[in-house]
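K.L.:
Here you go, one structure.
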Amino acid sequence: MGGSRLEELAFFKRLSQEGRKIGVQVEVFTPGDVRGESARTLTYVPEKGTWMRKLAPLPPIIYDRCRYKAAANYQMLKAFRNRHSKLIFLSRPLANKWSMHQTLSQSTEIKPYLPATVRYTSVPDLLRFLKKHKLIYVKPKNGTGGRGILRIEQVGADRYLLQGRNHSRTIISPFRANERQLEIKLHSLRLSPDYVVQQGIPLTLRDGRVHDYRLLIQKNGQGEWEVTGCAGRIGPHRSITSNLHGGGSAVPQDRLLGYRFSPDKITGIKNEMNNFAHKLADFLEGKFGKLCELGMDIAVDPKGGVWLLEVNPKPSREVFRRIGQHGVYQKAVSRPLEYALWMSKQKKAPLSEETKTESN
Ligand SMILES: Nc1ncnc2c1ncn2[C@@H]1O[C@H](COP(=O)(O)OP(=O)(O)O)[C@@H](O)[C@H]1O
Ligand SMILES: [Mg+2]
């Protein structure tokens, strides 16, 4: 877990700095640092520009940024949540890509935004799905950052193109084949029901690169959902994914939409994205309980149709920094802190109500 903590240390530093401005003390720790009711935490010391380690009581509010790369990490996190269920957790773990698809399909308002998705069963089933949709994505249900994702396209009567990234995110050589050869290749990949097979949305720009959008919706200091920002992402050449960690670059939303649509159309698409984001956030809160933020991977097809590719419960806000939207980036960092303040006031509110009546 040490490594995953270091991964976001720059973000935690920024959180600490923003926290200081509004009177929120930020302490960084992992479940492995917990000692009973205390934890060996890291505190940022701005005067020295360094982190200080100390034993401190567990903070009353938890902003969980742990990545569970291994099942063991997930178990530790779950144990921590169970043991300290009285603390306020700003968010909660959501479901894997397959369960999430099933959950979201229950909503008639959300379902039209979901690409057709099935769980992998067999090579013949996958081929049938491919012939129906002509373009498909195959993704590990627990994958992140574009790892282990395949894109298969039917490019002719008996011609197929398979591209993708392996589990360490390296781009694999494109494979062109007829159906028989593709079938052999698919057998060799040893796919399992741990994969989902999804209708592909045509996202290739004129120069051959793929693109999509990352929208960040967060709770504000009044405990209400607000779209903080949305940015475009363009994958590197020869990549079938746009993730920044896979070498993608960030672009302002308007500029990227402008490559394909007229200004009028752009306004409509942006409104639809924002309305959809609110619907999704409300629905997920109803299903999973209180949440503080969600990152949505959104695709816009060539006709302007909006699609949800994935929803991330622990989103990065890096895109906004990369495109120089520093105001949006700052909001993206400070909102969880403002929401935390609001949450702690909510918790205290019934008490102060009592005090009021007593003094009356
Ligand atoms: N159905 C799809 N159609 C088109 N592109 C897709 C599709 N699914 C995924 N992608 C591309 O792959 C990227 C990663 O997929 P995603 O489902 O977000 O998984 P991860 O958890 O690895 O980020 C997306 O950001 C997008 O660029
Ligand atoms: Mg994603």
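The values are calculated or read from the model by the stated rules, or taken from the named source; none is laboratory data. Remember, it's a predicted structure, so these values are computed and weren't measured experimentally. Note: ideal-geometry Cβ built from the backbone for every residue, glycine included; neighbour counts use all protein chains shown. Keep in mind that these areas ignore ligands, DNA and RNA; they rest on the heavy atoms of the full protein, side chains included. Shrake-Rupley method; radii C 1.70, N 1.55, O 1.52, S 1.80 Å.
K.L.:
List the GluC sites (Glu not before Pro) within region 194-286 that fall in a DSSP loop (any state other than H, G, I, E or B) and whose Cβ has at most 15 other Cβ atoms within 10 Å.
P.N.:
Passing both the DSSP loop test and the Cβ count: Glu224.
K.L.:
For the cross-link pairs Lys13/Lys347; Lys185/Lys287; Lys219/Lys270; Lys111/Lys290, which exceed 29 Å when the distance is taken from alpha carbon to alpha carbon?
P.N.:
From the list (Lys13/Lys347; Lys185/Lys287; Lys219/Lys270; Lys111/Lys290), the Cα-Cα distance tops 29 Å for Lys185/Lys287.
K.L.:
Going by Cα centres, region 238-278 and region 122-148 are how many Å apart?
P.N.:
Each part's Cα centre sits 23 Å from the other's.
K.L.:
Report D for region 42-154 in µm² per second (integer): Stokes-Einstein, Kirkwood Rh on Cα pairs, 25 °C, 0.890 mPa s.
P.N.:
Numbers: Rh = 18.2 Å.
Answer, rounded: 135 µm²/s.
K.L.:
Test of the criteria: in region 1-109, which trypsin sites (Lys or Arg not before Pro) are in a DSSP loop and have at most 11 other Cβ atoms within 10 angstrom of their Cβ?
P.N.:
Passing both the DSSP loop test and the Cβ count: Lys48, Lys86.
K.L.:
Something else: Just the number please: accessible area per residue for the chain, 1.4 Å probe, all protein chains included, in Å².
P.N.:
50
K.L.:
Regarding region 160-247, what is the average projected area of its C-alpha convex hull, in nm²?
P.N.:
If you wrap the Cα atoms of region 160-247 in a convex hull and average its projections, you get 8.3 nm².
K.L.:
With charges only on Cβ, +1 for K and R and -1 for D and E, what is the dipole size of region 163-291 about its Cα centre, in debye, rounded to 20?
P.N.:
The dipole magnitude comes to about 500 debye.
K.L.:
Farthest toward the dipole's positive end in the chain, which of Gly248, Asn166, Ile61, given Cβ charges of +1 (Lys, Arg) and -1 (Asp, Glu) about the Cα centre?
P.N.:
After comparing all options, I get Asn166.
K.L.:
I need to check one value: relative contact order of region 116-199, counting alpha carbon pairs closer than 8 Å and at least 6 residues apart, in percent.
P.N.:
Details: 144 pairs, mean separation 33.3, N = 84.
About 40 percent, as a whole number.
K.L.:
Counting alpha carbon pairs within less than 8 Å and at least 6 residues apart, what relative contact order, in whole percent, applies to the chain?
P.N.:
After rounding, I find 15 percent.
K.L.:
Quick one: check the C-alpha center-to-center distance for region 197-225 versus region 317-349, whole angstrom.
P.N.:
20
K.L.:
In region 196-285, which trypsin sites (Lys or Arg not before Pro) fall in coil by DSSP and have 14 or fewer other Cβ atoms within 10 Å?
P.N.:
Arg206, Arg238
K.L.:
If you place +1 on the Cβ of every Lys and Arg and -1 on the Cβ of every Asp and Glu, how big does the dipole about the Cα centre of region 116-199 come out, in debye to the nearest 20?
P.N.:
180
K.L.:
Still on this model: With +1 on the Cβ of every Lys and Arg and -1 on the Cβ of every Asp and Glu, and nothing else charged, how large is the dipole of the chain about its Cα centre, in debye rounded to the nearest 20? Present the calculation step by step, with values, prior to reporting the outcome.
P.N.:
Working: 60 positive and 33 negative charges, 190 e Å.
With only Lys, Arg, Asp and Glu charged at Cβ, the dipole is about 920 debye.
K.L.:
Okay, moving on. Rounded to two decimals, what is Rg over Rh for the chain when you use alpha-carbon atoms and the Kirkwood radius?
P.N.:
Reported Rg/Rh (Cα atoms, Kirkwood Rh): 1.00.
K.L.:
Let me ask another. If I fit a long axis through the Cα atoms of helix 263-288 and take the longest principal axis of the Cα atoms of the chain, what angle between them do I get, 0 to 90°, rounded to 10?
P.N.:
Approximately 60 degrees, to the nearest ten.
K.L.:
Mind checking the full-extension length gain between Asn275 and Glu224? Use 0.36 nm per residue of separation minus the Cα-Cα distance, one decimal, nm.
P.N.:
Using 0.36 nm per residue and subtracting the Cα-Cα distance, I get 16.9 nm.
K.L.:
Mind checking the angle between helix 179-188 and the chain's longest principal axis? C-alpha axes, 0 to 90 degrees, to the nearest 10.
P.N.:
The two axes meet at around 40 degrees.
K.L.:
Name the residue from Gly49, Gly36, Phe80 whose Cα lies farthest towards the positive end of the charge dipole of region 30-84, charges +1 on Cβ of Lys and Arg and -1 on Cβ of Asp and Glu.
P.N.:
Phe80
K.L.:
Using helices alone, what [θ] at 222 nm do you get for the chain, with -39,500 (n - 2.57) per DSSP H run of 4 or more residues, divided over all residues and rounded to the nearest 500?
P.N.:
-12000 deg cm²/dmol
K.L.:
Here is a follow-up. Roughly speaking, what is the stretch gain from Gln75 to Gln17, that is 0.36 nm per residue apart minus the C-alpha to C-alpha distance, in nm to one decimal? Each step should come with its number before you reach the end.
P.N.:
On the way: separation 58, 0.36 × 58 = 20.88 nm, distance 3.09 nm.
Net length gain for the segment: 17.8 nm.
K.L.:
Based on a Kirkwood Rh over C-alpha pairs, give the Stokes-Einstein translational diffusion coefficient of region 2-89 at 37 °C and viscosity 0.692 mPa s in µm²/s. Each step should come with its number before you reach the end.
P.N.:
Details: Rh = 13.7 Å.
Diffusion coefficient, whole number: 240 µm²/s.
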